[in-house]
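Everything on this sheet refers to the single structure shown next.
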Amino acid sequence: MNRPLSSNPTSRDLHRIDVDDSPVDASGVVGSRHGRIDSLELLTGVGKYTDDLTLPRMLHCKILRSPHAHARIVSIDSSAAEGLTGVHAVITGADMPVRYGVIPWTQDEYPLALGKVRYIGDAVAAVAAVSEEVAKAALALIAVKYEVLPAIIDPREALTRKDVLIHEDNKHGNISKQVTLAFGDVDAALAGAELVIESDYEFHGATHGAIEPHCAMGHVDGKGLLTVWSTTQVPHYLLRELGRVLDRPSHSIRVIQPPVGGAFGGKSEPFDLEFCVAKLADLTGRPVKCLYTREEVFFAHRGRHPFSMHYKTGFDREGRIVAVDGKSLLDGGAYSSFGLVTTYYSGQLLGSPYVFPAYRFDSTRVYTNKPCCGPKRGHGSVQPRFAIEVQLDKAATVLGIDPIELRRRNFIGENSQTIGGFHVGSSGFLQCLSEVERASGWRHKRGNLPKGRGLGIAGSTYISGTNYCIYPTELPQSAVQICLDRSGRVRVFVGTSEIGQGSNTVVATLAADELGVELDDVRVLAADSDLTPVDLGAYSSRGTLMAGNACLAATRELAAKLREVIAKTWDCPPGDVGLAHRKAFRHSDLTVWMPIQEAFILAESQLGTLGAVGSYKTPTENVHGDYRGGTIGASPAYSFTAHVAEVEVDEETGEVTVLSIWCAHDCGLALSPTLVEGQIEGSTYMGAAEALMEHHRVLPSGLRSDGQKRETGPGVDGLLAASSLLDYRMPTSMDVPDLIALIVERPDPRGPRGAKEAGEGPLHSSIPAIANAVYDAVGVRIDDLPITPEKVLAALKRKAEVG
Amino acid sequence: MTAPSPNHAARAATLVTFQLNGEPVTVAAPPHWTLVEVLRYQLNLTGTKQGCDKGDCGACTVRVDGAPVLACMTLAVLVQGRSVETVEGLGVGGEPHPLQRTFAELGAAQCGFCTPGMLMSASAYLDDLATRDAPTVDAVEISAVLGGNLCRCTGYTKIVQAVAVAAREVVERAQTLAEMSNDEAML
Amino acid sequence: MLRLPELEVVIADSLVAALTRLAEGRHVRALQGGTDLVANLKTGQTKAQTVVALGPLSELHGIDTSGEMVRIGAGERLVDVAQNAELQELFPALTYALARIASPQIRNAGTLGGNLCLDTRCRFINQSDLWREAMGGCLKSHGHECHVIPGGGGCVAALSADSVPVLMVLGAEVEIARLQDGAVLLRRTRVADLYDTDGLRHVRIADGELLTAVLVPKLPEGARAVYRKWAVRQSIDFPLVSTAVRLDLDRDGKLKQGKVAVGVLGPRPRLIPLDRWVGRPIDETLAQQVAAQVFDRCHPLPNVLYDHEYRRERLRVEVLRAIRTWFTPTAAAN
Ligand code: SF4
Ligand code: FES
Ligand code: FES
């Protein structure tokens, strides 16, 4: 055994990491079993989330919210509130009269409403006081005079009513965005099709339901630096918008994102509270914190858009798609949010994994007087995915083709191009289909299950980040800075947002693997704009691919330096030096090795402080289509998913129980398999919940005189049916099916070590798989989500009557 | 208009003494404060989380006299003389509790926000298991034990697994102890 | 976050002291586990200045199965009643029902008395201040109209206590204490008579009175009860359908007497005697007929958050399934 000792005198008394004499293990950290690197800290109660932070002399902020779905603000008198002992400041819309919005072209929100309120819960004024209780008491003293306007709740009404305008200055009335794109001759193809399936689908609203409510704290220091701590998943966009709204240069703002207690897209743009704490901190000279109540989380929403869809799909005799024609109406709620992107995604993300020889989509997003919709896990594509996957199932039934086989026949292939011009690189879709087919016992079970039981299949695809940033820029989308030193420790500074998905662990895994240390030796410091380089945030499943690539760039540079130094010592080519599990070793002779710490010391003493930066920019060649909108939804690499659901339908009660769901997901390469499984399980659970029980519902007035049967209720539009975690029923541990996560690895050359996304893709096909399984079980189609017992029962009754 | 009193001590705060994670503590609690407020705001034990504040989510679960209860629904003055355990008190002597270890290793904590509450429910189950005559580990029972703790990240699969792995350790320990005492009996 | 409004908290050191404070009026409320009251105070739907914590009162504790009437202290925690081996033996339907209330944490704090006195629930009242303000209130808050039955006679919020239907079919009684001339006076009333049709105050317990115990007569031979609950989730939820069936059979297995109790209708549960079927064997025909009868007589309202027409149909099925447990060994009994 060869144990070369460092002769470096300066490092001799350093306390060394113990490295045992066991044989070199060159296997690396990538692909090994581990949990989140930072979880122990969180689950011993030591880690601090945003609301766990306090600062001396901190004030508490509460926000006054509109009780009207649509109203003009006539006047606000806050003098009584200001006079209340303990109140330090009251602000209203006039204090921040600048519009913001995550998409630069559709900024239509004020931090606090100016002139008008557009949904029940819209923010009107904010108070900073010595305690939450005083702040709440002060809210009651703010006198707001409203002129109530008629409200629009039904998105169809938004299209027709010209007398009610939710945004008066919008050029297109109540239409927030309209996109029509056509590829090929759809009408001709449909006319020539052997079979045309034409159906309406309703996809309902659902919200994220992260257990941590939104929270923000602001502080302005003596030198004028504004620091905002927030539960955001997009600290960079928050920083930009704070700068714009508060008219501050970027360098005078610091955004820190502590660990986030779940987000799922619900924290992916700035919210009223962040602007309020910043403004109030500035005005009062004291730190200010605001923590939402659960109801405010429901108001903030930005959840899944309700879609009304009409789909026409043509097939040939073998079940091959010949044309797809989809028309969707998106209920956007009061503001734009990501709506422009949602509207494009609703069509653009459907172009794979099946070949569409001809395709047209026509999507219209409208404003309504409801909490604003936005991106929820699987942004914009979960709804059309439901429609198309049920369409395929219907075709398979008519044509008598096994639905898995029908999907195989339509597979677009690897290294292919969608009709919209997106480049699909690696694709493990066929393996995903085979995996769920095998694991679920599809072949022997399908058709042989007892009465009331059924199996359903669906497939899908999703992006690993979008090719283009939300604002036009030539700048990198992600960056990493890495240092290592004599301690044997690696420090990674990264802008990504850890929201529970494990982004810190992903970069740590890559760094540990490339630099030959253990995961415990890597410290990740993330999402602090003063300390970490810019990353655009945790949305559109971009983290692993983008930050991973940035991290690889930096670590590979460092690893090369290490190898060179060691190679010199051993007098071998640098390529012969391996780094793994706290050892540097020779590939050609594994008995030659030194502790990695010695290697770091050697390198540091020869080269000085060791650091490297890496950044990532998406490729621009051969990625997307060359037409207006042809870039939106294009990604460097796509993940693929297939689900099989096994359900039991109680024909007496209409109740659907999902017994098991198998989900196979192609994530390119699983850097951290345990985390990938966690994403598959969590996505699938969330999809099943949307399919069966969750519903973010805004009630129309119950006392209308138009003669139509309405729900009983007060004569007010726009109340939330469920605005608590009791009424918004998210499954408990006793309500979840068996979730079987199957990892499929089809490395993509554009992913770091081949990795692609895993956080959102595995939600999509769970919903249509369940719907298709219900049909298999009892022969009824519920095209109108969620699949509730009353709908199933009614459908069964109709079926029995028809005979 | 007369202003309501800004001072939450308008009704005198009461001195409340209780055992907190094994040590006596005395706080001056305003009568309308719940235990979660006292823990988080007065004692800076922020491991106990708030997700809904009205009994719907379980994020605030702590153990009072051993039983998991909701700190957001428990008036602080009513824990006088009782024993309260929070997530901060779970491990012993710097060692994490077996549940903390299995949760971390098996990926049962994603965002970690529901986790302190989960751990308090699960630790009561483990303690109970240890007192049973012939303990067995059953996933259905574990799901029921966690039925009042919502998790939005995991789909519960890995949580149930992590509890089951820790529970099996308890069962094995009980079996070894039983065998040892059998051996002793034979001696 | 949601905070409690300022409150006076009195920890009662004697029953007399508790009753004295409770006699001051509706602004003084009795507090057991607090799992209902604290939530309602936080959302502002219940207003109180003082809560009287009853925890230490020994009069409210104890489970005594020695007599013909089993006595369960009102202050006994739901978990302790549900897990009591003797009670599981004597009244499996009751312990089953209690084990299905809300969540483990709530059963660890909540008490039997608290469940019996659970406030009525309605989707127009179990909301935030802002929500109720936006809708203009209703009879149970600051408004003037009921939105469930507009123009109707009063508040029809739903009794949602899982324990009540079972206790009704078991013929249980409650013991209620009050003070008279400084001495504690007890009265007894049947659970079936405990509730009124006024959703604002549906428990017939006057100011200054306190429910101290529940008394359940032991079942005669041949008698058994079954509880069925339906809610969207298996845990946490209040019932959306809640029904208990009791059948007393003679030696030949024919119906001697029977009744069905139904909760989550309006403020008052419904008790339906099955006299018409006395002497009949317990079979599918009887099950279908009884279920149809319950369907005819019960009209769930759009008060709680679920389609009321479905709840009515589901009630029919749950009654059916409850009765099937008598003749289908595989049907889930409790
Ligand atoms: S039943 Fe009517 S009065 Fe009673 S709470 Fe509901 S809406 Fe209000
Ligand atoms: S915070 Fe206590 S149950 Fe949700
Ligand atoms: S781990 Fe995020 S809520 Fe459970």
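The values are calculated or read from the model by the stated rules, or taken from the named source; none is laboratory data. Predicted model, so just to flag it, every value in this text is computed and none were measured. A quick note on method: Cβ atoms are made from the backbone with ideal geometry, for glycine too, and the neighbour counts reach across all protein chains shown.
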(message) So A:Q391 ticks every box in (1) buried (at least 22 other Cβ atoms within 10 Å of the Cβ); (2) closer than 17 Å to A:E318 by Cβ; (3) touching a Gly at 6+ places or on another chain (Cβ under 8 Å) but one. Which box is left unticked?
(response) (3)
(request) Among the residues of the range B:87-116, write down those that are away from ligand 2 (no atom under 16 Å from the Cβ), at the interface with chain A (Cβ under 8 Å from one of its Cβ atoms) and without any contact (Cβ under 8 Å) to a residue 60 or more places away in the chain. (result) B:L90, B:G91, B:P96, B:Q100, B:F103, B:A104, B:E105, B:L106, B:G107, B:A108, B:A109, B:Q110
(request) Collect the residues in the range B:111-139 that are within 14 Å of ligand 3 (Cβ to nearest atom) and small (G, A, S), keeping them in residue-number order. (result) B:G112, B:G117, B:S121, B:A122
(message) Looking at B:A108, B:A67, can you tell me which residue is among the hydrophobic types (A, V, I, L, M, F, W, C), within 16 Å of ligand 3 (Cβ to nearest atom) and in contact with a helix residue (DSSP H, G or I) (Cβ under 6 Å, 6 or more places away or on another chain)?
(response) B:A108
(message) Would you confirm, using the coordinates I've provided, whether C:R71 is outside any helix (DSSP H, G or I) and either more than 14 Å from chain B (Cβ to nearest Cβ) or among the aliphatic types (A, V, I, L, M) (or both)?
(response) yes
(message) Residue under question is A:R798, and the condition is that it be over 30 Å from A:A547 (Cα atoms) and part of a loop (DSSP other than H, G, I, E, B); does it hold?
(response) no
(message) Which numbered condition in (1) within 10 Å of chain B (Cβ to nearest Cβ); (2) more than 29 Å from the chain's Cα centre (by Cα); (3) assigned to a loop (DSSP other than H, G, I, E, B) is the only one that A:S27 fails?
(response) (1)
(message) With crowded, with 18+ Cβ neighbours inside 10 Å, more than 16 Å from the chain's Cα centre (by Cα) and farther than 30 Å from A:G265 by Cα as the only criterion, which of B:L78, B:L90 stands out?
(response) B:L78
(request) Consider A:A688 carefully, then state whether it is touching a residue at least 60 places away in the same chain (Cβ under 8 Å), part of a strand (DSSP E or B) and within 22 Å of A:Q501 (Cβ to Cβ). (result) no
(request) Among the residues of the range A:192-215, count how many are of a type in the set (V, I, T) and away from ligand 3 (no atom under 16 Å from the Cβ). (result) 2
(message) Given (1) within 30 Å of B:D53 (Cα to Cα); (2) in contact (Cβ under 8 Å) with a residue 40 or more places away in the chain, identify the lone condition not met by A:E133.
(response) (2)
(request) Return the pairs, sorted by first residue and then second, in which the second residue is part of a loop (DSSP other than H, G, I, E, B) and charged (D, E, K, R), the first residue lies in the range C:249-269 and is under 30 Å from C:L305 (Cα atoms) and at pLDDT 95 or above, the beta carbons are less than 8 Å apart, and the residues are 6+ apart or on different chains. (result) C:G263/C:D162; C:P267/C:D196; C:P267/C:D198; C:R268/C:D196
(message) If I ask for residues that are within 16 Å of ligand 3 (Cβ to nearest atom) and either at positive phi or touching a residue at least 40 places away in the same chain (Cβ under 8 Å) (or both), which ones from the range B:160-180 would you list?
(response) B:Q161, B:A162, B:V163
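Could you list, in sequence order, all residues of the range B:42-60 that are within 6 Å of ligand 2 (Cβ to nearest atom) and of a type in the set (A, V, I, L, M, F, W, C)?
B:C52, B:C57, B:A59, B:C60 - these are the residues of the range B:42-60 that are within 6 Å of ligand 2 (Cβ to nearest atom) and of a type in the set (A, V, I, L, M, F, W, C).
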(request) Taking the residues in the range C:234-252 that are within 14 Å of another protein chain (Cβ to nearest Cβ) and part of a loop (DSSP other than H, G, I, E, B) as candidates, determine which candidate is surrounded by the most Cβ atoms within 10 Å (Cβ to Cβ). (result) C:I236
(request) Could you please find all residues in the range C:218-233 being part of a loop (DSSP other than H, G, I, E, B), within 29 Å of C:C146 (Cβ to Cβ) and touching a residue at least 60 places away in the same chain (Cβ under 8 Å)? (result) C:V232
(request) Mind listing whichever residues of the range B:9-52 are more than 24 Å from A:V297 (Cβ to Cβ) and either within 12 Å of chain A (Cβ to nearest Cβ) or part of a loop (DSSP other than H, G, I, E, B) (or both)? (result) B:A9, B:A10, B:R11, B:A12, B:A13, B:N21, B:G22, B:P30, B:P31, B:Q42, B:L43, B:N44
(message) Considering only residues that are in contact with a Leu (Cβ under 8 Å, 6 or more places away or on another chain), within 8 Å of another protein chain (Cβ to nearest Cβ) and away from ligand 2 (no atom under 16 Å from the Cβ), which ones fall in the range C:106-126?
(response) C:R123
(request) Among residues belonging to the range C:121-172 that are out of contact with any Lys or Arg (no Cβ under 7 Å at 6 or more places or on another chain) and among the charged types (D, E, K, R), point out the one that is farthest from ligand 3 (Cβ to nearest atom). (result) C:E145
(request) Give me a count of the residues in the range C:1-44 that are surrounded by fewer than 22 Cβ atoms within 10 Å (Cβ to Cβ), away from every other protein chain (no Cβ under 11 Å) and not in a helix (DSSP H, G or I). (result) 9
(request) Identify all residues within the range A:477-499 that are buried (at least 24 other Cβ atoms within 10 Å of the Cβ) and outside any strand (DSSP E or B); write none if there are none. (result) A:Q477, A:G495, A:T496, A:S497, A:E498, A:I499
(request) State whether one or more residues within the range C:82-104 are within 16 Å of ligand 3 (Cβ to nearest atom), in the same structural domain as C:L200 (by TED's automatic domain parsing) and either surrounded by fewer than 22 Cβ atoms within 10 Å (Cβ to Cβ) or more than 30 Å from A:A69 (Cα to Cα) (or both). (result) yes
(request) Being surrounded by 20 or more Cβ atoms within 10 Å (Cβ to Cβ) and aliphatic (A, V, I, L, M) is the filter here, so list the residues in the range C:313-332 that pass it. (result) C:L315, C:V317, C:V319, C:L320, C:A322, C:I323
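Quick grid of which residues meet (1) polar (S, T, N, Q); (2) under 22 Å from A:L340 (Cβ atoms):
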position: A:A126; (1), (2): no, no
position: A:A138; (1), (2): no, no
position: A:L141; (1), (2): no, no
position: A:V144; (1), (2): no, no
position: A:L149; (1), (2): no, no
position: A:P155; (1), (2): no, yes
position: A:D163; (1), (2): no, no
position: A:E168; (1), (2): no, yes
position: A:N174; (1), (2): yes, yes
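Could you list all residues from the range B:140-159 that are in a loop (DSSP other than H, G, I, E, B) and away from ligand 3 (no atom under 12 Å from the Cβ)?
B:G147, B:G148
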(message) Of everything in the range C:187-217, what is of a type in the set (D, E, K, R) and assigned to a loop (DSSP other than H, G, I, E, B)? Give them in sequence order.
(response) C:D196, C:D198, C:R201, C:R204, C:D207, C:E209
(message) Of everything in the range C:294-325, what is touching a residue at least 40 places away in the same chain (Cβ under 8 Å) and not hydrophobic (A, V, I, L, M, F, W, C)? Give them in sequence order.
(response) C:P300, C:P302, C:N303, C:Y306, C:R311, C:R314, C:E318, C:R321, C:R324, C:T325
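Just need a number here: residues in the range C:127-173 that are charged (D, E, K, R), within 12 Å of chain A (Cβ to nearest Cβ) and surrounded by fewer than 24 Cβ atoms within 10 Å (Cβ to Cβ).
Counting residues in the range C:127-173 that are charged (D, E, K, R), within 12 Å of chain A (Cβ to nearest Cβ) and surrounded by fewer than 24 Cβ atoms within 10 Å (Cβ to Cβ) gives 3.
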